[in-house]
1. Does segment 29-36 include one or more residues that are modelled with pLDDT of 90 or more, of a type in the set (S, T, N, Q) and touching an Asp or Glu at 6+ places or on another chain (Cβ under 7 Å)?
2. Are there any pairs, at least 6 apart or on different chains, whose C-beta atoms fall under 9 Å, with the first in segment 79-95 and open to solvent by 80 Å² or more (accessible area, probe 1.4 Å) and the second among the charged types (D, E, K, R), and if so, which?
3. Please work out which one of (1) touching a residue at least 24 places away in the same chain (Cβ under 8 Å); (2) part of a strand (DSSP E or B); (3) open to solvent by 80 Å² or more (accessible area, probe 1.4 Å) is the condition Glu66 fails and give its number.
Amino acid sequence: MTTTAASKQALGAYGEDVAARYLVEQGMELLDRNWRSPGDPVGEIDLVCKDGDALVVCEVKTRTGEEGGTPHEAVDADKLDRLQRLGQRWAALRGCAPPESRGDLVAVLRPPKGA
């Protein structure tokens, strides 16, 4: 089965919705979604949250199965480094300096049937 760009985008949006709801239920405050950096570093942050005093930049990886690997395997050290730099850029553009920050990976496995 060929996966189209639209279906990949829909799957990603589904995963981000699930992740955002989960993180808010866990007590985090959602600050931003799908933020694109206007300059260096180039990239996007799926979710920006606040967990207590910590700024949390979240990468959301959604899969329908593990045939191509788990969602965790899709994030390497370069991606984590870029995510950290994007989080620093996000904070700088808003004039905030959180006492701590971190990058979280939220892995979502959508079952074959149903939500």
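1. Scanning segment 29-36, I find at least one residue that is modelled with pLDDT of 90 or more, of a type in the set (S, T, N, Q) and touching an Asp or Glu at 6+ places or on another chain (Cβ under 7 Å), so the answer is yes.
2. Leu80/Glu59; Gln84/Arg102; Arg85/Asp40
3. Going through (1) touching a residue at least 24 places away in the same chain (Cβ under 8 Å); (2) part of a strand (DSSP E or B); (3) open to solvent by 80 Å² or more (accessible area, probe 1.4 Å) one by one, Glu66 breaks only (2).
Let's see how each residue does on (1) in contact (Cβ under 8 Å) with a residue 24 or more places away in the chain; (2) open to solvent by 50 Å² or more (accessible area, probe 1.4 Å); (3) of a type in the set (D, E, K, R):
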{"position": "Arg21", "(1), (2), (3)": "no, yes, yes"}
{"position": "Arg33", "(1), (2), (3)": "no, yes, yes"}
{"position": "Gly39", "(1), (2), (3)": "yes, no, no"}
{"position": "Val60", "(1), (2), (3)": "yes, no, no"}
{"position": "Ala74", "(1), (2), (3)": "no, no, no"}
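The values are calculated or read from the model by the stated rules, or taken from the named source; none is laboratory data. Worth saying up front: this structure is predicted, and the values here are computed from it rather than measured. Don't worry about glycine lacking a Cβ; one is built from the backbone with ideal geometry, like all the others, and counts go over all protein chains shown. Surface areas here come from the heavy atoms of the whole protein model, side chains and all, with no ligands, DNA or RNA. Shrake-Rupley method; radii C 1.70, N 1.55, O 1.52, S 1.80 Å.
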